[in-house]
Amino acid sequence: MTEEFNKKIIAITGPTASGKTRRAVSVANRMGGEIISADSRQIYRGMDIGTGKDLTEYGDVPYHLIDIADAGYKYNLYEYVRDARKAIEDVKAKGKLPIICGGTGLYMETLLNSTVLPEVKVNPQLRSQLEDKSLDELKEILEGMKRLHNNTDVDTKKRAIRAIEIQTYYNEHPEAQGGKRGTPPNALIIGVEIDREERRKKISTRLRIRLDEGLVKEVSDLMANGVKADDLIYYGLEYKFVTLYLTGELSYQEMVSGLETAIHQFAKRQMTWLRGMERRGFTIHWLPYDMSDDEFNLRVEELYND
């Protein structure tokens, strides 16, 4: 671990539709920063509208860990921590300020905890044993191996099989459970706070904008380019519901209403995770979503220099 890594960095997080990317870009412009994404889906090329990349927002601000893998690939937490730590060191080596930005709480917390995870490789024999089981059966197996804190691991059969694969590895290698802890980076964590009703309005408005911008065509193009329906469903939310529509399992209206509900639920889970981080010892400085950029940037700078 280099000394550079331990100089203070900034992390900006919050629920979906809170405007955290715009805030991160504004802070980066003011403080000479580069943005390192903590979004588990913006990693994939061609998944732009559904993940809300909004790359034009970045202007001249460099960004990292966006568009680094092909859609259909299963980028994982181990790879994220590895790649994000390298990006942080690279940004600091240029004399710039790393700004972690995103709403994937697991990614951000694991990175800020400085957890070094083992690389759990594919277990073909185990996968062969599990492939014919139903999702309910896989969930029951996983529940017998560990406590499920949320339903993310059992959204799809592929996720459930991968979760069982990982937990099997930990059971066979108990010394790897929880990963190893290195020296955590000195981080200022900023949360963009938005009240529930305003968040819901923004989510609903943004969904309709994304549909108008061509979300359905984006998913259709991914399928036409060889990305399997199961892989798109694996990514959840927009990609799951639009794929189910395109494969005839949902009507258009069922897709829209189901997706809107799922995004609201996702935002609630994001906030639950962030509040959990606070209970686990992280200090998150919450700033209102509707502060002016100048006020927001000034407050971040004050907190950073405290």
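What about Lys8, is it in contact (Cβ under 8 Å) with a residue 40 or more places away in the chain, exposed (fewer than 15 other Cβ atoms within 10 Å of the Cβ) and among the basic types (Lys, Arg)? In short, yes.
Checking the stretch 192-212 against the condition returns a match, with at least one residue being hydroxyl-bearing (Ser, Thr, Tyr) and open to solvent by 30 Å² or more (accessible area, probe 1.4 Å).
Taking each residue of the stretch 75-92 that is touching a residue at least 40 places away in the same chain (Cβ under 8 Å) and looking for partners that are surrounded by fewer than 16 Cβ atoms within 10 Å (Cβ to Cβ) and part of a helix (DSSP H, G or I) with beta-carbon atoms closer than 6 Å, six or more apart or interchain, yields Lys92/Glu4. In the stretch 120-136, of all residues being touching a residue at least 12 places away in the same chain (Cβ under 8 Å) and outside any loop (DSSP other than H, G, I, E, B), the one that is nearest to the chain's Cα centre (by Cα) corresponds to Leu135.
Considering the stretch 35-51, the residues that are within 17 Å of Tyr80 (Cα to Cα) and of a type in the set (D, E, K, R) include one that is most open to solvent (accessible area, probe 1.4 Å), namely Arg45.
Among residues of the stretch 150-171 being among the hydrophobic types (A, V, I, L, M, F, W, C) and either modelled with pLDDT of 75 or more or farther than 26 Å from Phe241 by Cα (or both), the one that is most open to solvent (accessible area, probe 1.4 Å) is Ile166. Criterion applied to Leu259, Leu250 was being outside any helix (DSSP H, G or I) and more than 16 Å from Pro15 (Cβ to Cβ), and the one residue passing it is Leu250. For the stretch 266-286, state whether one or more residues are over 15 Å from the mean Cα position of the chain (by Cα), surrounded by 14 or more Cβ atoms within 10 Å (Cβ to Cβ) and within 22 Å of Arg162 (Cβ to Cβ). For the stretch 266-286, residues over 15 Å from the mean Cα position of the chain (by Cα), surrounded by 14 or more Cβ atoms within 10 Å (Cβ to Cβ) and within 22 Å of Arg162 (Cβ to Cβ): absent. Of the candidates Val216, Val256, the single residue that is open to solvent by less than 20 Å² (accessible area, probe 1.4 Å) and at pLDDT 95 or above is Val256.
The values are calculated or read from the model by the stated rules, or taken from the named source; none is laboratory data. All values derive from a computational prediction rather than experimental measurement. Note: ideal-geometry Cβ built from the backbone for every residue, glycine included; neighbour counts use all protein chains shown. Remember, those area values only see protein heavy atoms, side chains included, never the ligands or the DNA or RNA. Shrake-Rupley method; radii C 1.70, N 1.55, O 1.52, S 1.80 Å.
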